[in-house]
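One structure is given below, encoded as structure tokens.
The values are calculated or read from the model by the stated rules, or taken from the named source; none is laboratory data. Keep in mind the model is a prediction, meaning the values are calculated, not measured. Here the Cβ positions follow ideal geometry from the backbone for every residue, glycine too, while neighbour counts run over all protein chains shown. The protein model used for the area step is the full one, side chains on, heavy atoms only, and it has no ligands, DNA or RNA in it. Shrake-Rupley method; radii C 1.70, N 1.55, O 1.52, S 1.80 Å.
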Amino acid sequence: MIQFSSTHLIYLIEAARWTVLLSVLAFIGGGAFGLVLALGRVSQHKWLRWLSAAYIQIIQGTPLLVVLFLAYFGLSILGLDIEPIIAAGLSLTVYTAAFLGEIWRGCILSVPKTQWEASNCIGLSRAQQYRYVILPQAARIAIPPTVGFMVQIVKNTSITSIIGFVELARAGQIVNNSTFQPFITFVFVAIIYFAMCYPLSLASRHFERKLNVGK
Amino acid sequence: MISYTFDFSFLLTTWPAFMRGAWQTILLAGSSIAFGFVLALVCAIIRSGKSKLAAGLVGAYVEVIRNTPLLVQIFIVYFGLPSLGLRLSAETAAVIALVINTGAYGSEIIRAGIDSIAKGQIEAAECLGLNKLQIYWHIVLIPAVERVYPALSSQFVLLMLSSSITSQISAQELTAEANMIQSETFRSFEVYLIVAAVYLALSVLFRVVLWAIGEVAFVRRRKLRT
Amino acid sequence: MSVNEAAGTRPRNEAVPGAEPIIVVDNVSKSFGPLQVLHGVSLTIERGTMVAIVGRSGSGKSTLLRCMNALDETNGGTIKVCGNAVAMSDRASVKRLRTDVGMVFQSYNLFPHLTVLRNITLALTVVQKKARVEAEKIARDVLALVGLADKAESYPEQLSGGQAQRVAIARSLALSPKVLLFDEVTSALDPELTGEVLKVMEDLARQGMTMVLVTHEMAFARRLADIVVFMHQGKVWEAGPPAEIFADPKTPELRQFLSSGL
Ligand SMILES: Nc1ncnc2c1ncn2[C@@H]1O[C@H](COP(=O)(O)OP(=O)(O)O)[C@@H](O)[C@H]1O
Ligand SMILES: [Mg+2]
């Protein structure tokens, strides 16, 4: 039997790079789509509000794992020769967007109504109101919960191991299959995840305190 | 464009398996929520308590759980603990991992509720002669839980959904049933569409049940709305 | 004092000869960290009297009241309530103190998750171990006393400020305290709501309840208080019957305070 060694640890850390990459992809994709959803949720058009609300409700009512399977098998139906990273990135984007969309909607709504009225009075169009008045203020409020949700994104990437994408969690399983030392292997996997997530948690809390002081 | 014909005919023979899976998920998530709530309450009490050491230990537990993936937590409980001499069934391991997870998230939520109780409330209760324990129960804990109950409920629904991950240690629940069905029918996409619909229904069900529990437990909510 | 004003005052309660005063504050000091807030305050409150404490914001009025009720710890001197020394560290003494003293706060501090009735019965059932039925009877009686019999089933957030404060008074009254402390109980209220609260307090005074109130309602203090205490910079600057204090201030500080229109 092979003992868990520094080689394994290095292998895990290298696999963690894929976790980081996937997280970044999910955040960028989910963030862009999430912003659209958030604006849809507060749109003046009823059908837009309804559509984005329905999307968010459905995704938030479905496990990420099932979203992942649907992306994985759905892409193969389309006849695409899928790399796991495509299905992984797509499903994480779809999933992240729903949560960020809902978080950001709350931030937009927490900008006082008088800001809308005041900016309307000086003749800004609706797009200009968003661009110059509402979104900058909402963004400030959005920083702590957004950074906090990044922790969820990093952790969520572990699920993509299930379709065989070799990121940190999958790498842990591979190491375990050769060492048969599940406890130490997965504890190390957990430690590496912790090392990635905890700074984000601290940052989120830091920003939240700063925001509260500024009030 | 590749043409694809949807075929849901497998449902004719497999719907009992979906039902069974849904029921197993209800049991798994329901018991995890119940135990997890108790653990969360205890942890929140300890964390806002006097003992710095105990509060620190619980704080560390909360941070570790919140900053590592549930999947890895499940692997440690199911694969890791047996190597330390503790052998568990997949379902037991699943419940343990989910309870530990809910305890951490729930305690943060409840603690926020406890922190939001104004000092004047406690002073008023002191002036009325309530002792520390009575104040803690009547004036701090109950209103705190009432205040954060919506957030707790959302957390519990998320827990139910993430219980799907326990299929990875072959715990018996909905996703595991679905995995089995798709390996027999090869209608993978359709199978997971159905599963998604069942989870949606379950999340509605959980929300409704949790809401009803809140209505019974917190009379004020019900009265003030009518 | 004019004849009219005299007619408006209530008959002074005579301190029972030989009876012990209900509260004796003796040379009390209190600091918050480096900030000394009370400098050797002494004050005696006789049974059945109303004592009004007035003074500028920050002069230590609330702190004095809180020390009397063991919500703040004194750093020197002694406070006796009904003959018992107040000490925050002595559980038994605090427990006795709670049965003797009721307190009403500026911010009402009603329990938002409980009905008005339950706000009042909570201590009756939990502390005094009274049966639910008996507790509710007492609660309804005190609610009637403050004119809110119909609000028993309401929740605090459904009440106006004046109603909430009257419930808070009723909640204290239900425990039959020997003395009631009021800390600026009308300061958070709109002017049109202060009257209903002052009316309740006036009724209590006429029934002989011992009351200590920190207040900015000078007309009320002048009309109803037996003793007015002017606090300044953490000291009892002047004290005496309202006629003396208001008509004949001895110190420039009090004169200035009174003329500032407060
Ligand atoms: N808990 C506290 N910590 C620090 N300083 C306090 C505290 N409570 C009161 N103080 C200070 O003590 C002084 C007297 O306060 P207080 O008794 O509330 O005055 P008043 O009721 O006459 O307005 C003020 O300067 C106030 O800032
Ligand atoms: Mg004050």
Residue count for the stretch A:163-172, restricted to those that are within 11 Å of chain B (Cβ to nearest Cβ) and either farther than 14 Å from A:T19 by Cβ or buried (at least 24 other Cβ atoms within 10 Å of the Cβ) (or both): 4
State yes or no: is B:S153 touching a helix residue (DSSP H, G or I) at 6+ places or on another chain (Cβ under 6 Å) and part of a helix (DSSP H, G or I)? yes
Residue among C:E196, C:E184 that alone is of a type in the set (D, E, K, R), within 16 Å of ligand 1 (Cβ to nearest atom) and out of contact with any Leu (no Cβ under 8 Å at 6 or more places or on another chain): C:E184
Looking at C:S154, C:S187 in this structure, which one is over 20 Å from the mean Cα position of the chain (by Cα), at negative phi and in a loop (DSSP other than H, G, I, E, B)? C:S154
Would a scan of the stretch A:106-114 turn up a residue that is hydroxyl-bearing (S, T, Y), away from every other protein chain (no Cβ under 14 Å) and open to solvent by 50 Å² or more (accessible area, probe 1.4 Å)? yes
So C:P191 passes all but one of these: (1) within 14 Å of another protein chain (Cβ to nearest Cβ); (2) away from ligand 1 (no atom under 16 Å from the Cβ). Which condition number does it fail? (1)
Is it fair to say C:L198 is more than 21 Å from C:F246 (Cβ to Cβ), out of contact with any strand residue (DSSP E or B) (no Cβ under 9 Å at 6 or more places or on another chain) and either within 16 Å of ligand 2 (Cβ to nearest atom) or outside any loop (DSSP other than H, G, I, E, B) (or both)? no
For residues in the stretch A:87-132 being without any contact (Cβ under 8 Å) to a residue 12 or more places away in the chain and among the β-branched types (V, I, T), which is nearest to A:G148 (Cα to Cα)? A:T114
Determine if the stretch C:251-262 includes at least one residue that is modelled with pLDDT under 95 and in contact with a helix residue (DSSP H, G or I) (Cβ under 6 Å, 6 or more places away or on another chain). no
If you take the residues in the stretch A:45-63 that are open to solvent by less than 10 Å² (accessible area, probe 1.4 Å) and not polar (S, T, N, Q), which one is farthest from the other protein chains (Cβ to nearest Cβ)? A:I56
Filter the stretch B:96-127 down to residues that are open to solvent by less than 10 Å² (accessible area, probe 1.4 Å) and over 30 Å from B:L159 (Cα atoms) and give me whichever is farthest from the other protein chains (Cβ to nearest Cβ). B:A125
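A quick yes/no check of all residues on (1) among the hydrophobic types (A, V, I, L, M, F, W, C); (2) outside any loop (DSSP other than H, G, I, E, B); (3) modelled with pLDDT under 60:
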| residue | (1), (2), (3) |
| --- | --- |
| C:A6 | yes, yes, yes |
| C:N13 | no, no, yes |
| C:V16 | yes, no, yes |
| C:V25 | yes, yes, no |
| C:V28 | yes, yes, no |
Quick one: how many residues across the stretch C:54-84 are within 9 Å of ligand 2 (Cβ to nearest atom) and part of a loop (DSSP other than H, G, I, E, B)? 4
Of (1) more than 28 Å from A:V94 (Cα to Cα); (2) within 7 Å of chain B (Cβ to nearest Cβ); (3) surrounded by 23 or more Cβ atoms within 10 Å (Cβ to Cβ), A:V187 satisfies every one except (3)
Mind listing just one residue for me: the one in the stretch B:1-20 that is among the small types (G, A, S) and modelled with pLDDT under 90 and, of those, most open to solvent (accessible area, probe 1.4 Å)? B:S3
Select from the stretch C:85-123 the residues that are assigned to a loop (DSSP other than H, G, I, E, B), within 9 Å of chain B (Cβ to nearest Cβ) and aliphatic (A, V, I, L, M) and list them in ascending order. C:L110, C:L114
Expected single match for within 12 Å of chain A (Cβ to nearest Cβ), open to solvent by 60 Å² or more (accessible area, probe 1.4 Å) and of a type in the set (V, I, T) among B:V64, B:V77, B:V38 is B:V64
